[in-house]
Amino acid sequence: MADGGKKPYVVAVAIQAIYTALFVVSKAAFDSGINTYVFIFYRLAAATALLLPIALIDCTCRRSRSTTATPPAPAMSCRLLFKLFIYALLGNTFTLNVYNMSLKRTSATVGSAATNSMPVVTFLLALLLRTESVKLQSRSGMGKLAGVTLCLAGVLVIAFYAGPSIRPLAHNPVFAHKPHSASSGSEWIKGTFLLIVACATLSLWIVLQVPLLKEYPNKLMTTALQCLFGALQSFVVAVVFERDFTKWKLGLDIGLFAVIYSTFLGTGALMYLQAWCAEMRGPVWSPLALVFTILCSSFFLGEAVRLGR
């Protein structure tokens, strides 16, 4: 396989590593008391401040370099802006807020495990959109069906079956795990359900990026604008759910670090890399984030590793 063919899969593994750190850092920030809605607003607003100027400079450079052989990207129409607004509402505002609410109710490991339901949803959406086909009478078709079934079954087992507890990897974790009422059975089930819903909407967002990039092939600008619209939408959501602005303040703690990390890698880089992978090879997935997160959440958060997982 040529280097160009390997690159999407290398990038996919890098995405999993970024996700792992995002799960662990976000969970630590939520356990420290930061409001999830405010966190999402800061995350998207900071990502917009980072990406939008770069995207505008990139567009200016592209126009100056454009020739007859390489025409500039099409103009940004009102229809396209509205589409980006809806995609931001789906992939940023709704997905991130629901996901973080559920992560606060469960654990970083379950949050990572739930993302393994995304290939199932993506596969089903691809079938509906006719970008994927399956022949049940062929070996490949049976393999796809078996993979989808096992993937979904694995997510449910990890979420609902614990098994005997194994000692955490670190006796003194970096971010001490703070117990809270979210560990009750009903809250855990609710959180798991919300995780699956968030992963389903994120899968839909990723599938929709493929036709979007064909219509407007500028990944950086589409990412920046979706961050901008998501920040505006998330501000409204945060104001509705948290009207005490004294709780919006960030100190020199894990909350600020989580916002900075999620800005540079968890939002900007992830959205750009996922869109790039979707354009190059379609939706590419790797289960490595689950393994990484089990180890990292045990070491950094002190979460108990369960034998059933």
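Among residues of segment 28-57 being in a helix (DSSP H, G or I) and small (Gly, Ala, Ser), the one that is most open to solvent (accessible area, probe 1.4 Å) is 49. Of the residues making up segment 208-266, those that are of a type in the set (S, T, N, Q) and open to solvent by 70 Å² or more (accessible area, probe 1.4 Å) number 1.
Suppose we filter 234, 286 for residues that are in a loop (DSSP other than H, G, I, E, B) and either at pLDDT below 85 or closer than 25 Å to residue 37 by Cα (or both); which single one remains?
286
The values are calculated or read from the model by the stated rules, or taken from the named source; none is laboratory data. All values reported here derive from a predicted model rather than from experimental measurement. With ligands, DNA and RNA removed, areas are computed over all heavy atoms of the protein, side chains included. Shrake-Rupley method; radii C 1.70, N 1.55, O 1.52, S 1.80 Å.
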